[in-house]
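Novice: Below is a structure I'd like to ask you about.
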Amino acid sequence: MRTRLLILVPVCIAAGFLAGRLFWEPPLDAQPPAARPALDPLASVPDLRLPDLASGTPRSLREWSGEALILNFWATWCAPCRKEMPLLEQVHQQWQGRGIAVVGVAIDRIEPAQAFTGEAGISYPNLVGEQEAMALAESFEPGMAGLPLTVIVAPGGEVLHRHVGELHAGDLDRIVAILDELATGRITAAQARQRLESV
């Protein structure tokens, strides 16, 4: 009797396991989704014109095609955006006219965006729009989940990298060092793109 029990118990456990696998296997649509493939960046910056926040004059991002560009999408209601903007202002003050440009794009209404940049002492160029600015952001990051979004562009307009989320001082230091090497010909655009992946 004891021998039979010693044989029956493992058989019952195995049968129960197999039955559970057969009847409790989750349906295909309940399986975890496959990882989203990396999005290929745009070949170059689109020629979309948005009003300048200071003057209201329509401007194209291609105006800065002769420089490396740190393009930052933000909004007044976005706390991380407001937090990183003084760091971007420091980069602007240090590199203006030296091969690296900082340009903001406010996905916002003109009045609050003007009020914030004035109070915060932001002097780098800012463009502004609502649906048009959002469409521009989504051309770089389809299905964009939130702000801030920073796009790094090589001289000539080639998109190198996209960063979603707040930039910290260390991030900007690395970005600027890489763009400086690119602008002075010490690295190629492909090498810059690879290094920017760690930001």
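The values are calculated or read from the model by the stated rules, or taken from the named source; none is laboratory data. Keep in mind that what you see is a predicted model, and the values were worked out from it rather than measured. Here the Cβ is made from the backbone with ideal geometry for all residues, glycine too, and neighbour counts use every protein chain on show.
Novice: Just wondering, is there one or more residues in the range 105-124 that are in contact with a Pro (Cβ under 7 Å, 6 or more places away or on another chain), buried (at least 22 other Cβ atoms within 10 Å of the Cβ) and either at pLDDT 95 or above or closer than 23 Å to residue 177 by Cβ (or both)?
Specialist: No.
Novice: Could you tell me whether residue 61 is surrounded by 10 or more Cβ atoms within 10 Å (Cβ to Cβ), under 30 Å from residue 137 (Cα atoms) and at pLDDT 95 or above?
Specialist: It is false that residue 61 is surrounded by 10 or more Cβ atoms within 10 Å (Cβ to Cβ), under 30 Å from residue 137 (Cα atoms) and at pLDDT 95 or above.
Novice: For the range 183-194, how many residues meet the condition of being buried (at least 18 other Cβ atoms within 10 Å of the Cβ) and at pLDDT 95 or above?
Specialist: Residues meeting the conditions: 2.
Novice: Of all residues in the range 49-58, how many are surrounded by 18 or more Cβ atoms within 10 Å (Cβ to Cβ) and not in a strand (DSSP E or B)?
Specialist: 1
Novice: Considering the range 160-174 alone, what residues qualify as being surrounded by fewer than 17 Cβ atoms within 10 Å (Cβ to Cβ) and over 13 Å from the mean Cα position of the chain (by Cα)?
Specialist: Let us first name the residues in the range 160-174 that are surrounded by fewer than 17 Cβ atoms within 10 Å (Cβ to Cβ), namely 164-165, 168-170, 173-174.
Those that are surrounded by fewer than 17 Cβ atoms within 10 Å (Cβ to Cβ) and over 13 Å from the mean Cα position of the chain (by Cα): 168, 169, 170, 173, 174.
Novice: Can I ask one more? What helices (runs of 4 or more DSSP H) lie completely within the range 82-199 and have 1 or more residues being without any contact (Cβ under 8 Å) to a residue 60 or more places away in the chain, in contact with a helix residue (DSSP H, G or I) (Cβ under 7 Å, 6 or more places away or on another chain) and on the phi < 0 side of the Ramachandran plot? Steps first, answer last, please.
Specialist: Working: elements: 110-120, 131-140, 169-183, 189-196.
Passing ranges, in order: 110-120, 169-183, 189-196.
Novice: Need the failing condition index for residue 72 against (1) surrounded by 22 or more Cβ atoms within 10 Å (Cβ to Cβ); (2) assigned to a loop (DSSP other than H, G, I, E, B), just the number.
Specialist: Here residue 72 clears every test but (2).
Novice: From the list 129, 156, exactly one residue is under 18 Å from residue 62 (Cβ atoms), of a type outside the set (Val, Ile, Thr) and surrounded by 16 or more Cβ atoms within 10 Å (Cβ to Cβ). Which is it?
Specialist: Result of the check over 129, 156: 129.
Novice: Looking at residue 177 and the list (1) at pLDDT 95 or above; (2) farther than 27 Å from residue 77 by Cα; (3) surrounded by 14 or more Cβ atoms within 10 Å (Cβ to Cβ), which single condition is not satisfied?
Specialist: For residue 177, the exception is condition (3).
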